[in-house]
Amino acid sequence: MRRTWFDGSGKIDCSFQDLLNSLDNPGTFFEGVVACMSGISSVELLEQGTDFVKIRTNEGFMARTNITKRSEPDRIHFEFDEEYQAGKMVTTYSHYQDEFLKTENGVRHRTVISDVKAPGLMGFFYRKFGSRNIGKAVLESYKTYLERL
């Protein structure tokens, strides 16, 4: 059983088909979503495979692994593990579950971030106080990226 750190949802004004198509290339998708995160000024896709991507940002290095996608006619479930090294300050480990539900006028997106680990003093503050801000930033970055498609 996973330990939930953040659970939130929002509406995205995009076509369900455009979303489905964008998820076919996880490298391009994640590069675009991460570029929309607050505080990120540069993003470079370093490597990608069938179930992983490696990205460098101005803040550090990100590896998203064990990427899986299950789709139904009106629902997409997208899941992955993340390791993010934010400079020398902190390295975080977490699991993401994203669900996209087709609606009459867009997509309903829910993201759950769980099993967050971050060692050290900075990691303690991240784990204790960062969930709301990080979670909202994640939701907003998906929305911004997908509404540009």
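The values are calculated or read from the model by the stated rules, or taken from the named source; none is laboratory data. Computed from a predicted model, the values in this text were never measured in an experiment. Heads up, the Cβs are rebuilt from the backbone with ideal geometry, glycines too, and the neighbour counts pull from every protein chain shown.
Looking only at residues in region 81-110 that are surrounded by 15 or more Cβ atoms within 10 Å (Cβ to Cβ) and small (Gly, Ala, Ser), which one is farthest from Gly39 (Cα to Cα)?
Here the answer is Gly106.
Taking the condition aliphatic (A, V, I, L, M), surrounded by 15 or more Cβ atoms within 10 Å (Cβ to Cβ), under 18 Å from Tyr96 (Cα atoms) and modelled with pLDDT of 95 or more, does Val33 pass?
Values: aliphatic (A, V, I, L, M): yes; surrounded by 15 or more Cβ atoms within 10 Å (Cβ to Cβ): yes; under 18 Å from Tyr96 (Cα atoms): yes; modelled with pLDDT of 95 or more: yes.
Yes, satisfied.
If Cys14 satisfies every condition in (1) free of Cβ contacts under 8 Å to residues at least 24 places away in the same chain; (2) in a loop (DSSP other than H, G, I, E, B) but one, which is the exception?
Failed condition: (1).
Could you list, in sequence order, all residues of region 74-99 that are of a type outside the set (Ser, Thr, Tyr) and in contact with an Asp or Glu (Cβ under 6 Å, 6 or more places away or on another chain)?
Going residue by residue through region 74-99, those that are of a type outside the set (Ser, Thr, Tyr) are 74-83, 85-90, 95, 97-99.
Matches in region 74-99: His77, Phe78, Ala86, His95, Gln97.
Out of Ser22, Ser41, Ser71, Ser131, which single residue is closer than 20 Å to Met1 by Cα and not aromatic (Phe, Trp, Tyr)?
Within the list Ser22, Ser41, Ser71, Ser131, the selection yields Ser131.
Given the options Thr50, Thr68, name the one that is among the hydroxyl-bearing types (Ser, Thr, Tyr), surrounded by fewer than 15 Cβ atoms within 10 Å (Cβ to Cβ) and in contact with a Phe, Trp or Tyr (Cβ under 8 Å, 6 or more places away or on another chain). Give the derivation first.
Details: Thr50 fails: in contact with a Phe, Trp or Tyr (Cβ under 8 Å, 6 or more places away or on another chain).
One residue alone meets the criteria, Thr68.
I need the full set of residues from region 116-149 which are over 14 Å from Thr91 (Cβ atoms) and either of a type in the set (A, V, I, L, M) or touching a Lys or Arg at 6+ places or on another chain (Cβ under 7 Å) (or both), in order please.
Hits for region 116-149 are Ile134, Ala137, Val138, Leu139, Leu146, Leu149.
State all residues of region 111-136 that are farther than 17 Å from Gly60 by Cα and either buried (at least 17 other Cβ atoms within 10 Å of the Cβ) or touching a residue at least 40 places away in the same chain (Cβ under 8 Å) (or both); if no residue qualifies, say none.
Thr111, Val112, Ile113, Ser114, Asp115, Val116, Arg127, Gly130, Ser131, Arg132, Gly135, Lys136
Among all residue pairs at least 6 apart or on different chains, which show Cβ distances below 9 Å where the first residue, located in region 23-49, is closer than 19 Å to Leu149 by Cβ and the second is exposed (fewer than 13 other Cβ atoms within 10 Å of the Cβ) and of a type in the set (Val, Ile, Thr)?
Going by the 9 Å Cβ cut-off, the qualifying pairs are Pro26/Thr50.
Just to be sure, is Lys128 over 17 Å from Ser9 (Cβ atoms), modelled with pLDDT under 95 and assigned to a loop (DSSP other than H, G, I, E, B)?
Taking the combined requirement at face value, the residue does not satisfy it.
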